[in-house]
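The values are calculated or read from the model by the stated rules, or taken from the named source; none is laboratory data. Computed from a predicted model, the values in this text were never measured in an experiment. Every residue, glycine as well, gets a Cβ built from its backbone with ideal geometry; the counts of neighbours run over all protein chains shown.
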Amino acid sequence: MVLYAQRIDMSVPQRRLELWMYRFMLGTLSDKKTRSLREELERRHKERKIFSELERKLLSAFTVSRSTREYLAELFKTEEKRKFGN
């Protein structure tokens, strides 16, 4: 008889993660959930499970030393300039 260790998936469902990301960008996500969001994005990055560009941008914003929202604003502004040439 062979026993297999069942891997428990502790990940946050994608839909909930997206909701947290948008609430963070609106400034309505609590500090506790912001920490959870950061941890989840770091975990997904290590497991190579980050798929959306928003997830990548948020993860990079969490890893810089200055304000996350300030960095995101600059990042999106640069992206718009690149796309639309303004």
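The set of residues from the stretch 12-51 being exposed (fewer than 13 other Cβ atoms within 10 Å of the Cβ) and either of a type in the set (A, V, I, L, M) or not in a loop (DSSP other than H, G, I, E, B) (or both) comprises Arg15, Tyr22, Leu26, Asp31, Lys32, Arg35, Glu39, Lys46. Among what's in the stretch 57-73 and is surrounded by fewer than 14 Cβ atoms within 10 Å (Cβ to Cβ) and over 12 Å from Met25 (Cβ atoms), pick the residue that is modelled with the lowest pLDDT. Per the criteria, the residue is Ser65. Residues in the stretch 74-86 that are in a helix (DSSP H, G or I) and either surrounded by 10 or more Cβ atoms within 10 Å (Cβ to Cβ) or in contact with a helix residue (DSSP H, G or I) (Cβ under 9 Å, 6 or more places away or on another chain) (or both): Glu74, Leu75, Phe76, Lys77, Thr78, Glu79, Glu80, Lys81. Just one of the listed residues (Ser52, Ser30) is of a type in the set (Gly, Ala, Ser) and farther than 16 Å from Pro13 by Cβ, namely Ser30.
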